[in-house]
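Quick notes on the structure that follows.
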Amino acid sequence: MPRPLGLRSVDTTILARWLLGDDPAQADLAESLLREPSWISQTVLLELGWVLHKALRLPRDIVADMFEQILALDTAIIARQERMAWAISRYRAGADWGDVMHLAASSAEIGAFATFDRKLARAAGPDSPILIETMAKLYFYYASMNAGKSTNLLQADFNYRERGMATMLWTAAFDDRGGDRPIKSRIGLGADAHLFDAETDLFARIGAAHAVQPLACVLVDEAQWLSREQVWQLARVADRLGVPVLCYGLRTDFCGRLFPGSGALLGIADALVELKAVCHCGRKATMNLRVDDSGAAVHEGAQLEVGGNERYVALCRKHFTEALER
Ligand SMILES: [Zn+2]
């Protein structure tokens with residue numbers, strides 16, 4: 001037995017023909033259909049936005065006007081109608097239609113909307129129906145000496161600043177190679193940076209700066225000198241403040257031992273990226289040979305012996321071992 005006809009749900013094509021009037025016969029049919037109570041689903045509205053904005057390339061204002069026309073239909077029954085008005089206004093102001101529809105469609109029990117898209121919270125504005133949680137990662141860029149870590153860091157910093165985004169730079173307090181510019185690359189670039197020592201509470205310091213001016217990124221040079229505790233503080237910066245943290249450092253010392261900061265970062269960073277230096281033999285240089293003033297290999301000593309390029313030679317493991325055996 002056929003079911004009695006209940007409320008009718010309408011497809012994207014019905015709404016598009018009605019709004020565009022590009023096919024008079026179908027437009028009339030659509031018009032008469034929409035004179036009766038009609039359910040308009042959020043998936044249809046999502047697709048309609050795609051058709052009007054992306055496929056037909058209609059201007060944003062025109063598309064927003066069309067959505068409001070649908071919302072104003074007495075016969076239209078739309079889920080979360082009040083949220084749809086919000087979504088249309090944010091879309092009109094520049095937000096992606098798909099993004100605001102995801103937020104508008106979230107049920108009341110949802111506490112937060114998680115995303116990697118850092119622009120979404122700004123586009124959604126202060127009246128977003130749900131909290132937006134921007135997921136940020138803790139990165140560890142590791143290498144031997146002379147792999148261009150500082151150059152890489154300064155380039156990443158430049159990319160953020162070029163877009164008008166604020167960054168915060170850190171480096172180890174006792175590393176004074178840079179002179180007046182704490183972070184200095186071998187190819188002559190330099191930048192100012194905050195200095196951390198064993199006592200620095202990085203979560204507190206970064207959190208305070210972030211409260212004054214929202215940070216797009218935190219960059220840490222000489223990250224091998226971080227304590228385990230400080231690496232966890234940086235993980236909290238990513239997880240709780242939603243600010244990505246890029247750490248650059250050596251993996252191992254002159255004896256092939258992990259540095260404390262590097263061990264902790266290898267353990268808990270979200271992303272590990274190896275920057276490559278090359279041994280004189282052409283193989284990847286993964287080891288740091290410490291040499292004395294006469295150029296002879298050093299076998300023992302403290303991990304902390306800060307020096308420039310002249311004190312270390314980046315070698316592959318084979319040549320590192322051979323140098324120590326000589
Ligand atoms: Zn080699």
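The mean sequence distance of close C-alpha pairs (under 8 Å, at least 6 residues apart), as a share of the length of the range 1-135, puts its relative contact order at 18 percent.
In loop segments of the range 187-274 as defined by DSSP, the trypsin sites (Lys or Arg not before Pro) with at most 15 further C-beta atoms inside 10 Å of their C-beta are ARG257. In the chain the longest region clear of GluC sites (Glu not before Pro) that are loop-assigned by DSSP and have at most 11 other C-beta atoms within 10 Å covers 1-108. Its relative contact order, with pairs defined as Cα atoms under 8 Å and 6+ residues apart, puts the chain at 14 percent.
Taking one quarter of the surface of the convex hull spanned by the alpha-carbon atoms of the range 165-289 gives a direction-averaged projected area of 8.5 nm². Mind checking the angle between helix 81-92 and the chain's longest principal axis? C-alpha axes, 0 to 90 degrees, to the nearest 10. Long axis of 81-92 versus the principal axis of the chain: about 60 degrees. Comparing mean-square fluctuations of LEU34, LEU103, LEU289 from a GNM of the chain with C-alpha springs under 10 Å, the top value falls on LEU34. A simple rule links phi to the HN-Hα coupling: the Karplus curve 6.51 cos²θ - 1.76 cosθ + 1.60 with θ = phi - 60°, which for the range 39-44 gives 7, 10, 7, 6, 5, 5 Hz, with x for Gly and Pro. Counting beta carbons within 10 Å around each of LYS318, LYS184, LYS149 and listing the fewest first gives the order LYS318, LYS184, LYS149. Entry for the chain at q = 0.10, 0.12, 0.13, 0.14 Å⁻¹: log10 I(q)/I(0) = -0.71, -0.85, -0.93, -1.02, Debye formula applied to identical alpha-carbon scatterers, no solvent contribution. Taken over the range 22-81, the alpha-carbon convex hull comes to 87 cubic angstrom per residue. When the Cα gyration tensor is reduced to axis lengths a ≥ b ≥ c, the ratio a/c is 1.5 or higher for the range 100-242, and with a/b above b/c it is classed as prolate. Excluding the site residues themselves, the longest part of the chain lacking any chymotrypsin sites (Phe, Trp or Tyr not before Pro) in a DSSP loop with at most 13 other Cβ atoms within 10 Å is 175-326. Pair-distance distribution P(r) for the range 8-134, from all Cα-Cα distances in 10 Å bins starting at 0: 13, 44, 31, 11, 2 percent.
Relative to the longest principal axis of the Cα atoms of the chain, the long axis of helix 60-71 lies at roughly 50 degrees.
Rule-based calculations on the coordinates, nothing more; no lab input. The structure presented is a predicted model; accordingly, all values stated were derived computationally and were not measured. As a convention, Cβ positions derive from the backbone with ideal geometry for all residues, glycine included, and neighbour counts pool all protein chains shown.
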